[in-house]
Amino acid sequence: MTALSRAGDRGRLLDARAGLRGWRGNVLLGRPGGLWPLASTLIAGGLALPILTVLASLVQPRDPLWDHLARTVLPVYLTNTLALAVGVGLGTLLLGTGTAWLVTMCRFPGRGLFEWALLLPMAMPTYLIAYAYTDLLQFSGPVQSTLRAWTGWSRQDYWFPQIRSLGGAIFVMALVLYPYVYLLARAAFLQQSGCLLEVSRTLGRGPWRTFLTVALPLARPALVAGAALAVMEALADYGAVQYFAVDTLSTGIYRTWFGMNSLATATQLAAWLVLMVFGVLVLERLGRGRARYYYTTAALRPLPTYALRRLAALLAMLGCALPVTLGFVVPAGAFAMMTRRGGDPLWGPAFLQLASNTFLLAVLAAALAVLLALVLAYSLRLAPSPVTHLTTRLAALGYAVPGAVIAVGVLIVAGWLDNVALGALRSALGLPPGLVFSGTLAALVFAYLVRYLTGSFTTVEASLTRIRPSLDEAARTLGHGTPSMLWRVHLPLLRGGLLTAALLVFVDVMKELPATLAIRPFNFDTLAIRVYRLATDERLAEASTAALAIVAVGLLPVLALSMAIARARPGARDT
Amino acid sequence: MSTRWEVETARGAGSAHHAPTDTATPAVQVEGLTKAYGRVRAVDGLSFAVRPGHILALLGPSGCGKTTALRLIAGLERPDAGRVLLDGQVVADARTFVPPERRRVGMVFQDYALFPHLRVADNIGFGLPRGPARAQRIEALLAQVGLAGLGHRWPHELSGGQQQRVALARALAPQPRLLLLDEPFSNLDAALRARVRAEVRAILRDAGVTAIFVTHDRDEALSLADEVAVVTAGRILQRAAPEELYRFPASPAVAQAVGDADFLEGVAAGDLATCALGRVPLARPVEGPVMLLFRPEDLVLEADADGPGIIAAREFYGHDQVVTVRLPTGAELRVRLRPDAPATLHQRVRLRPRGPVVAFPRT
């Protein structure tokens, strides 16, 4: 098992960092009080700084603009954001739980295919699916055109749902975010002991009542965790709601920042958004309750499966095919068609430049993220202490924080570094003033690390945890010193995890829009920025090439994940 | 072989008559070894020595500090006090700490700790220097532990017993001067355990290696070791050869640690003691109030309608049966009988010891 999903990682992260296996300080490699706590504190402190800066704005005096906003648009922002969160939460729960139950517990034609195909929508960022559906469903789009051609109606003759709306945003986001619920629900159903379900059957409950009264309550923590992840992604979205002209907190941040030129007020909006995200986290905790839902026996028995026939099988197939089709096949197909017909006029060296910019950023961020994750993970293993536990938790804050918020925080920190810290240094040295951090690649990569370090950390930490301490000790008693042990035992065993961690960050950075938009250096464009700008100019057909490239790269971790799923079936486990 | 049973003792009641007869350097010697985790003293002033080629078992309940003792000897933990000597050289004391990779102490871990990314042969060769002799040595070890031809397998493709032998071969490969085994059989199921135990004993004898192993299983300790040390709360209660330990335990706790044991209160006067069974002969003369040790196989049961005892319970095991006899005082004694011996519940019986009884002074 090498590939771990982002959902899996974040799910485990939600699963109480306190549950980290605390080993005694390993005398062989390091001792508490060495350099490890210092290193992890520095990393964690640096990464938490932007978020803490944003939160600090809550206690700062309000300016007149804020009072104006609070009276006029803030209620709109809040209700829209809340409605989006609730809608996406419910939608992903329905899609994710239903499909997970079907593919784990029922047998019907195509089940094996759906088991991994249901993950495909993960490769589709929210802003891309929003663009695709707008193109398909707008008045001049293929769907309405065909409808008119068939029926002979004209504009005023019929009603057609408006995709660019709050409902439309919930619809498209649920379609690409349900895999978070699906993944965790599927894992939960697989872990459930078949015996429990059989007990329910022998006590006279039918399959439906067993599902509702045994399987679903047992899976509740996983379902809540999955939905919480999906909702956090929805709250973090900027591209889709901006395009649909749905005013949420994240579009509000940018409007206030760039439209009204008030970073202070934008920061206060950002703080509200962070509070909302933390609200989701708290709900997730409460939803889990005090009960321990784990009932795992050493001997996993195969789950009883219901063989579906005729109509039931057909319905199951449709139920699984629908989210995959709507969440991946249709939008990806739309981009493919558009690209074939026209595509990006920049195709050629200029497009290559975009791609290589994106690649450079993603590789840089991925490499740094894995490196920092290694330091954090080893400090937790070698010098476990309240300090290292706290610092790793602090460094993990960013995973839940929307890119817009991080952008605000990073810019404030970078501005402070340039103006205050370096300004003093420059004037002391007699150098002209200048910007080193603000609007540079360094600031952008820093923002990516704040946002995505958690994903790589949990992956690295999980693979490090799987190296039992007795392996270290065996190597030592067989005459190998620390360097030789790290090289010959740890590296080979960690390699898969490190690659997975790098891949996750790489793909996330490729897709990232809001932070890139705000922080990127002048005239430095990435694929995501290109798509965003063309789409905002209503040039969707031209945006399709870059969109297709992003989706194609986004498929990599999905494929890795589906292979892991295929291998990790009970009974086909490695060691 | 004649000196095999004479092992130096640095500590331990009951085995004072095992005085050293030879001044050969012990393979391993620990003195006043102490290690605490927080306020719990896992190992508390432990001292013992093992002579070359001998096998010592540390027997005790889980959490008694025996595994910590092994880890201190291997160099996987630093002692808080005391010292460890290997072949007379100090490897750990207040000033010295030789790291584990330079101690030449092999260890077989409870979970075997086989490297999952290496094949069986590479696992065994992990501690061997690269060179032409390496492959030969691996083949020889595979043959020695009965796994010839399986070198190309992955660890997870082996059964539990086979994994155990790979762990053993890997630890033996660099020819350690001392082998430590941490609960080596606890991960095996009961049916496999007895067989693997015999195999391991043969392999250790073949290799002529000095070994210390820890276990909570008294059968394992008694059948595998030349000497057994009973450990509780980080201290050795008694160490002696298995027969000695079983027949003449130094305290009631030791008696219970190494076998089934029931006790009756009594009063001793010289070679005789009076108890609920009447007058019984004593193994060693004592005076005053005593606790008398009765093992189930040391008692003879006779049907007697006027007997003082009543059969209160009976458990049938196949190869034998154990009946519990309740005495008028309320005390209960277990008696092991042949499977075909007549014994029915509530039957009146009389008990007597087969031979002299061990008595512990009561305080």
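The values are calculated or read from the model by the stated rules, or taken from the named source; none is laboratory data. Keep in mind the model is a prediction, meaning the values are calculated, not measured. No Cβ is skipped: glycine too gets one built from the backbone with ideal geometry, and neighbour counts run over all protein chains shown.
Here are the numbers for the structure shown:
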{"quantity": "Condition met for B:Ala341 (among the hydrophobic types (A, V, I, L, M, F, W, C) and not in a strand (DSSP E or B))", "calculated": "yes"}
{"quantity": "Some residue of the stretch A:491-501 being surrounded by 24 or more Cβ atoms within 10 Å (Cβ to Cβ), farther than 30 Å from B:Ala167 by Cβ and more than 10 Å from chain B (Cβ to nearest Cβ)", "calculated": "yes"}
{"quantity": "Pairs, first closer than 30 Å to A:Gly455 by Cβ in the stretch A:47-76, second of a type in the set (Ser, Thr, Tyr), C-beta under 8 Å, six or more apart", "calculated": "A:Thr53/A:Thr267; A:Val54/A:Thr267; A:Ser57/A:Thr267"}
{"quantity": "Matching residues, the stretch B:93-114, being of a type in the set (Gly, Ala, Ser) and farther than 17 Å from B:Leu179 by Cα", "calculated": "B:Ala94"}
{"quantity": "Residue within the stretch A:503-520 that is surrounded by fewer than 24 Cβ atoms within 10 Å (Cβ to Cβ), part of a loop (DSSP other than H, G, I, E, B) and away from every other protein chain (no Cβ under 14 Å) present", "calculated": "yes"}
{"quantity": "Meets criteria (under 25 Å from B:Arg71 (Cα atoms), outside any loop (DSSP other than H, G, I, E, B) and more than 11 Å from chain A (Cβ to nearest Cβ)) for B:Leu181", "calculated": "yes"}
{"quantity": "Number of the condition not met by A:Val88 [criteria: (1) in contact with a Gly (Cβ under 8 Å, 6 or more places away or on another chain); (2) surrounded by 20 or more Cβ atoms within 10 Å (Cβ to Cβ); (3) under 25 Å from A:Tyr399 (Cβ atoms); (4) aliphatic (A, V, I, L, M)]", "calculated": "(1)"}
{"quantity": "Residue that is modelled with the lowest pLDDT, among those in the stretch B:60-70 that are more than 14 Å from B:Leu179 (Cα to Cα) and either within 11 Å of another protein chain (Cβ to nearest Cβ) or part of a helix (DSSP H, G or I) (or both)", "calculated": "B:Lys66"}
{"quantity": "Filter result (more than 17 Å from the chain's Cα centre (by Cα) and farther than 27 Å from A:Ala240 by Cβ) within the stretch A:390-413", "calculated": "A:Leu390, A:Thr391, A:Thr392, A:Arg393, A:Leu394, A:Val413"}
{"quantity": "Every residue from the stretch A:107-118 that is on the phi < 0 side of the Ramachandran plot and surrounded by fewer than 24 Cβ atoms within 10 Å (Cβ to Cβ)", "calculated": "A:Arg107, A:Phe108, A:Pro109, A:Arg111, A:Gly112, A:Leu113, A:Phe114, A:Glu115, A:Trp116, A:Ala117"}
{"quantity": "Qualifying residue in the stretch A:445-458 (condition: modelled with pLDDT under 85, farther than 29 Å from B:Leu114 by Cβ and either more than 14 Å from every other protein chain (Cβ to nearest Cβ) or part of a helix (DSSP H, G or I) (or both))", "calculated": "yes"}
{"quantity": "Residue count, the stretch B:71-97 (criterion: surrounded by 15 or more Cβ atoms within 10 Å (Cβ to Cβ), outside any strand (DSSP E or B) and more than 13 Å from every other protein chain (Cβ to nearest Cβ))", "calculated": "2"}
{"quantity": "Enumeration of residues in the stretch A:376-400 that are out of contact with any Gly (no Cβ under 8 Å at 6 or more places or on another chain), crowded, with 18+ Cβ neighbours inside 10 Å and of a type outside the set (Ser, Thr, Tyr)", "calculated": "A:Leu376, A:Ala377, A:Leu380, A:Arg381, A:Val387, A:Ala395, A:Ala396, A:Leu397, A:Gly398, A:Ala400"}
{"quantity": "Residue check for B:Ile138: out of contact with any His (no Cβ under 8 Å at 6 or more places or on another chain), closer than 21 Å to B:Leu118 by Cα and either within 12 Å of another protein chain (Cβ to nearest Cβ) or assigned to a helix (DSSP H, G or I) (or both)", "calculated": "yes"}
{"quantity": "One residue from B:Pro100, B:Pro155 being in contact with a helix residue (DSSP H, G or I) (Cβ under 7 Å, 6 or more places away or on another chain), under 19 Å from A:Val489 (Cβ atoms) and either away from chain A (no Cβ under 12 Å) or surrounded by fewer than 22 Cβ atoms within 10 Å (Cβ to Cβ) (or both)", "calculated": "B:Pro155"}
{"quantity": "Members of the stretch B:188-210 that are more than 19 Å from B:Asp111 (Cβ to Cβ), outside any helix (DSSP H, G or I) and of a type in the set (A, V, I, L, M)", "calculated": "B:Val209"}
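Here's the yes/no breakdown for (1) surrounded by 15 or more Cβ atoms within 10 Å (Cβ to Cβ); (2) under 28 Å from A:Glu538 (Cα atoms); (3) touching a residue at least 24 places away in the same chain (Cβ under 8 Å):
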| residue | (1), (2), (3) |
| --- | --- |
| A:Thr146 | no, yes, no |
| A:Met173 | yes, yes, yes |
| A:Leu177 | yes, yes, yes |
| A:Tyr182 | yes, no, yes |
